[in-house]
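Below is one structure, written out as structure tokens; comments come after it.
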Amino acid sequence: MPSPVRLVVEDPPDPDDLALLEAAVEAAAGAGDAREFAVLARDEHARMVAGVSALVWGRCCELQAMWVDPPLRGRGTARALMAAAEAEARRRGCGVVLLQAYDLVAAGLYGRLGYETVAVVEGCPDGSARRWFRKVL
């Protein structure tokens, strides 16, 4: 019989514990060969002003985060980042790109870029929705 465990809510959690948790889940899923990449935009001082990060596992690319500095928004920066990330995913042999986004942050952007909504959770966060998108490359 296993010894009892104690459940503890940690706020904030230790980053090393989070890394261990993530590694354990990836190992259980067989994602040990997952590889990360990022496409970053830097200004003349080498400061990051926009970027997208991704994880490639097998033939699947999951975009983890995308951000564009407010002064660069509406100038095609997000479109350029996504095109570069998709090109890198293709170069790595991916056939599909997945991502999740909040309507509050990116309403309509991914649809305009050819992504289809595959799942929606309404009211997350309050008054908005969380969407999962897919694009076949």
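Summed over the residues of the chain and divided among them, the accessible surface reaches 68 Å² per residue at a probe radius of 1.4 Å. Modelled this way, with points 7 Å down the Cα-to-C-beta line, the labels at Val5 and Arg35 are 3.3 nm from one another. Close amide H contacts of Ala41 (hydrogens built in the peptide plane, cut-off under 5 Å, sequence separation of 5 or more or a different chain): Val49, Ala50, Gly51.
The listed residues Val105, Val97, once ranked by accessible area (1.4 Å probe) with the largest placed first, stand as Val105, Val97. Relative to the longest principal axis of the Cα atoms of the chain, the long axis of helix 77-91 makes an angle of roughly 60 degrees. Between Ser53 and Arg75, the contour length at 0.36 nm per residue exceeds the alpha carbon distance by 5.9 nm.
Ordered from highest to lowest accessible area with the whole protein assembly present and a 1.4 Å probe, Arg47, Arg112 read as Arg112, Arg47.
For Leu137, what is the net charge nearby, where nearby means another residue's Cβ is under 15 Å from its Cβ and Lys, Arg count +1, Asp, Glu -1?
On the way: positive: Arg59, Arg90, Arg91, Arg92, Arg134, Lys135; negative: Glu62, Glu86, Glu88, Glu116.
Within the 15 Å Cβ shell, the charges total +2.
Modelled spin-label separation between Ala65 and Ala28, with each label point placed 7 Å from Cα along the Cα-to-Cβ direction: 2.4 nm.
In whole percent, how big is the carbon plus sulfur part of the accessible area of the chain, probe 1.4 Å, protein atoms only?
Numbers: 5260 of 9310 Å².
Carbon and sulfur atoms account for 57 percent of the accessible area of the chain.
Add -39500 (n - 2.57) for each DSSP H run of 4 or more in the chain, then divide by its residues: what number comes out at 222 nm, to the nearest 500 deg cm²/dmol?
On the way: 4 runs with 38 residues, N = 137.
-8000 deg cm²/dmol, from helical runs alone.
First select every other residue whose beta carbon is under 12 angstrom from the beta carbon of Glu22; then total the charges, Lys and Arg +1, Asp and Glu -1. Taking every other residue near Glu22 into account, the sum is -4. Take Leu137, project a point 7 Å from its Cα along the Cβ direction, then tell me which residues of the stretch 49-67 have their backbone nitrogen under 16 Å from it. Zone members listed by number: 52-65.
The values are calculated or read from the model by the stated rules, or taken from the named source; none is laboratory data. Just so you know, these numbers come straight off a predicted model, no measurement behind them. Cβ: placed from backbone, ideal geometry, glycine included. Neighbour counts: every protein chain shown. Surface areas here come from the heavy atoms of the whole protein model, side chains and all, with no ligands, DNA or RNA. Shrake-Rupley method; radii C 1.70, N 1.55, O 1.52, S 1.80 Å.
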